[in-house]
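Below is one structure, written out as structure tokens; the observations come after it.
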Amino acid sequence: MSDSTTSSGNPAAEGTFELHAGALRLALRADLGGSIAGLWHRDIPILRSTEPGALTGSRLSACYPLVPYSNRLAYQRFRWAGRNYTTATNFDDNPHSVHGVGWLRAWEAVSHGASDAALRYRHVPDAHWPFSFEARQHFTLTPHSLCVQLIVTNTADIEQPVGLGWHPYFPKRERSRLQIQLSDRWESDASQLPVRKVAQPGIDGDVSQLRFDHCFDGWSGPASIRDEKFSLKLTSNLTHLVVYTPADKPYFCVEPVSHVSDAIHMADPADNGLRTLQPGETIKASMTLEVSAL
């Protein structure tokens, strides 16, 4: 931001940046997990949105990055390249580690302008993740879209497993509807670990009638999200998707991700989307949300 207040007139929190393009306004909180505080078309939220100065945590944000893995890492331990590793509790009393470490940490602004910004997080090995890496997010706002790129580089001197994605939240409105082309759905056990894959030719229905908390394979976008306010198209170069449609929440989630939940413990992690990054190697992901006001 170029001044010390948000558009609501509240003092700006440190690490807060706003981008503007046409009727769209994007608010970022670099200090809260490199998260998006809100995305609005004029005063109407497109994502679940909070004025940036009022946001108190990344889990309450509009969207946060998933790095270096998405969803669950079972029982806070894994074996990689012949060594055993542990991760720390990071999600209430969940028995698994969840969503990586990027959402837990402050990011720094590399650059920001009127309609674009870049954030960076440099990870030093710790109890939450045993390998060093650098992650960058690039945000570009146009009058009709939000484009985000996530770039992760292995800065360790050994190979490491890497997955990535985003966790956007959409407001559940009276006529919210999802239409998504998919091939398969992962059924989960009681702790949300995937146990078997079943055919899922797609999703096409009112969000109020859907009951999903699943990872899906074979996503061929765009994912169409429509309600009485907006028609949205979500696309990504990632081919997996997590869809969460809780009946008791005022939001739902459509999350582009690179791999199946807990892929690191599957017989073939690479076949389920998890990448092995050699020292100095980079992986990139992109997500675009096209916005049409109704």
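Among S220, S61, S188, S286, rank each residue by its count of other Cβ atoms within 10 Å, from fewest to most, as a rough exposure measure. Mind showing how you got there, number by number?
Working: S220 12, S61 28, S188 18, S286 15.
Least to most surrounded, the residues fall as S220, S286, S188, S61.
Excluding the site residues themselves, the longest part of the chain lacking any GluC sites (Glu not before Pro) in a DSSP loop with at most 16 other Cβ atoms within 10 Å is 15-158.
Residue exposure proxy: V242, V195, ordered by other Cβ atoms within 10 angstrom of their Cβ from fewest to most, comes out as V195, V242. Sites listed here are trypsin sites (Lys or Arg not before Pro) in the stretch 190-223 whose DSSP assignment is loop and whose Cβ has at most 14 other Cβ atoms within 10 Å: R211.
With +1 on each Lys and Arg Cβ and -1 on each Asp and Glu Cβ, and nothing else charged, work out how big the dipole of the chain is about its Cα centre, in Debye to the nearest 20. Walk me through the intermediate numbers first.
Numbers: 27 positive and 31 negative charges, 50 e Å.
Magnitude of the dipole: close to 240 debye.
If you look for lysine pairs in the chain that are eight or more places apart or on different chains, how many of them have Cα atoms under 20 Å apart?
Numbers: K172/K229; K172/K233; K172/K249; K229/K249.
Close lysine pairs under the 20 Å cut-off: 4.
Between N84 and D157, the distance separating the two model label sites (each 7 Å from Cα on the Cα→Cβ line) works out to 2.5 nm.
Give the separation of the Cα centroids, the stretch 103-181 to the stretch 28-53, in Å. Value for the Cα centre distance between the two parts: 14 Å.
Find out how many positive minus negative residues lie around W186, taking Lys and Arg as positive, Asp and Glu as negative, among other residues whose Cβ is under 10 Å from that of W186. Don't jump to the answer; show the numbers that get you there.
Details: positive: R185, R196, K197; negative: D184, E187, D217, D262.
Counting the neighbours of W186, the net charge comes to -1.
Sequentially through the stretch 134-140, phi angles give Karplus couplings (6.51, -1.76, 1.60; θ = phi - 60°) of 10, 10, 10, 10, 10, 10, 10 Hz, Gly and Pro residues having no value and appearing as x.
I want the local charge near E159. Using Cβ-Cβ distances under 12 Å, sum +1 for each Lys or Arg and -1 for each Asp or Glu among the other residues. It works out to a net charge of 0.
Modelled label positions at L60 and S286, each set 7 Å beyond Cα in the direction of Cβ, lie 3.4 nm from each other.
Just in the stretch 116-196: which chymotrypsin sites (Phe, Trp or Tyr not before Pro) are loop by DSSP and have at most 15 other Cβ atoms within 10 Å? Kindly include the intermediate steps, with their values, before the conclusion.
Numbers: sites: Y121, F131, F133, F139, W166, Y169, W186; in loops: F131.
The qualifying sites: there are none.
Under the shape rule built on the C-alpha gyration tensor, where the axes satisfy a ≥ b ≥ c, the stretch 5-161 is prolate, since a/c reaches at least 1.5 and a/b is greater than b/c.
Once you have the Cα-Cα distance between E228 and V124, take 0.36 nm times their residue separation minus that, and quote the gain in nm to one decimal. Could the numbers behind the result be given before it?
Numbers: separation 104, 0.36 × 104 = 37.44 nm, distance 4.51 nm.
Contour length minus the Cα-Cα distance gives 32.9 nm.
Please say if the stretch 197-255 is rounded, prolate or oblate, where rounded means a/c under 1.5 for a ≥ b ≥ c the square roots of the C-alpha gyration tensor eigenvalues, and otherwise the choice is prolate for a/b larger than b/c and oblate otherwise? Please list the in-between numbers first.
On the way: a/c = 1.82, a/b = 1.19, b/c = 1.53.
Here the stretch 197-255 falls in the oblate category.
Every number here is computed from the coordinates shown, using simple stated rules; none is lab data. All figures in this text were calculated on a predicted structure; none of them were measured in a lab. Note that each Cβ is placed from the backbone with ideal geometry, even for glycine, and that neighbours are counted across all protein chains shown.
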